[in-house]
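Note sheet for the following structure.
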Ligand SMILES: [Zn+2]
């Protein structure tokens, strides 16, 4: 059974089949993926995710893709960098900045 049931407008609730569209034809609202939780829930666990690859693909069971990844195999798992001087300026003890500039291959995902 498929992980994705279709797409639904967040504003008016109109359902759409899965397709490469992102806005509702009726109200121009954003479309969200409707996941098949009956299919997904038995397959996921905290332990399975933690044991996955050091990339976004450790969340594969929760992503709206049906097959194995064909692009962006190394995307995700980017480091948090402690920004001590900026944190001091802002009055924050522990300020971390997510460095998504090290994502491959786009360097900006
Ligand atoms: Zn709509």
Pull out the extension gain between residue 71 and residue 97, defined as 0.36 nm times the separation in residues minus the alpha carbon to alpha carbon distance; nm, one decimal. 6.8 nm
So for 70, 18, fewest C-beta neighbours within 10 Å to most, what's the order? 70, 18
What is the list of residues in the stretch 28-69 whose amide nitrogen lies under 12 Å from a point 7 angstrom out from the Cα of residue 11, following Cα to Cβ? 28-31
Taking the chain and dividing mean pair separation by its residue count, relative contact order in percent (alpha carbons under 8 Å, at least six apart): 19 percent
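None of the figures in this text is laboratory data; all of them are computed from the coordinates on show. Everything numeric here is computed off the predicted structure, so don't read it as measured data. Here the Cβ is made from the backbone with ideal geometry for all residues, glycine too, and neighbour counts use every protein chain on show.
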